[in-house]
């Protein structure tokens, strides 16, 4: 019963938000359609400005993977990951995730195909994928698109948050599997 209620409510969220925005716009006498079109034009301009950053990022990720650097780094870090309780099979995901969401999704799908969705590795990979961010991608693409050149502590803070997400995913699933 609860699942049906939650499903029903979640199906209403977006239509209700759209209706609320339209009602608020009407009350404030905002030309909703014209405002939407202006926003869409601005969004298109931003997308065009993002293209060079996206191309550069995708080329760099492709070189990283195809050159064998990912494999070498994985082999080097395997002893450390073992000490932390992280299966070495998850290292490519941990290394790719800050760079590329699509690349990380490919790695996650491969891990789930190989080990199964209900395996410890499958669960850890899914949790890592969902709880971390594409930090370097975000800084490169979005900061670059709006002209931010000095990222200050964004990179360190983002990568530290990713590391915490990866280690927490491992720890949480180790605890769940031990007591579950």
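The values are calculated or read from the model by the stated rules, or taken from the named source; none is laboratory data. As the structure is a prediction and not an experimental result, all values here were calculated from the model. Cβ sites come from the backbone with ideal geometry, for glycine too, and all protein chains shown count toward neighbours.
Just one of the listed residues (65, 75) is part of a helix (DSSP H, G or I) and under 20 Å from residue 136 (Cβ atoms), namely 65.
Tell me, please, whether a residue that is more than 16 Å from residue 173 (Cα to Cα), out of contact with any strand residue (DSSP E or B) (no Cβ under 9 Å at 6 or more places or on another chain) and either crowded, with 18+ Cβ neighbours inside 10 Å or touching a residue at least 24 places away in the same chain (Cβ under 8 Å) (or both) can be found in the stretch 78-89. No. Elements of the type helices (runs of 4 or more DSSP H) sitting completely within the stretch 117-180 and holding at least 1 residues that are loosely packed, with under 14 Cβ neighbours inside 10 Å: these cover 120-131, 154-179.
Of all the residues in the stretch 15-38, those that are touching a helix residue (DSSP H, G or I) at 6+ places or on another chain (Cβ under 7 Å) and assigned to a loop (DSSP other than H, G, I, E, B) number 0. In the stretch 109-131, is there at least one residue being within 30 Å of residue 148 (Cβ to Cβ), in contact with a helix residue (DSSP H, G or I) (Cβ under 8 Å, 6 or more places away or on another chain) and touching a residue at least 40 places away in the same chain (Cβ under 8 Å)? So far as the stretch 109-131 goes, yes, one or more of its residues are within 30 Å of residue 148 (Cβ to Cβ), in contact with a helix residue (DSSP H, G or I) (Cβ under 8 Å, 6 or more places away or on another chain) and touching a residue at least 40 places away in the same chain (Cβ under 8 Å). Within the stretch 38-48, does at least one residue satisfy the condition of being within 30 Å of residue 136 (Cα to Cα), within 24 Å of the chain's Cα centre (by Cα) and in contact (Cβ under 8 Å) with a residue 60 or more places away in the chain? There is at least one residue in the stretch 38-48 that is within 30 Å of residue 136 (Cα to Cα), within 24 Å of the chain's Cα centre (by Cα) and in contact (Cβ under 8 Å) with a residue 60 or more places away in the chain. Quick one: is residue 41 loosely packed, with under 11 Cβ neighbours inside 10 Å, at positive phi, at pLDDT 85 or above and out of contact with any helix residue (DSSP H, G or I) (no Cβ under 6 Å at 6 or more places or on another chain)? Taking the combined requirement at face value, the residue does not satisfy it.
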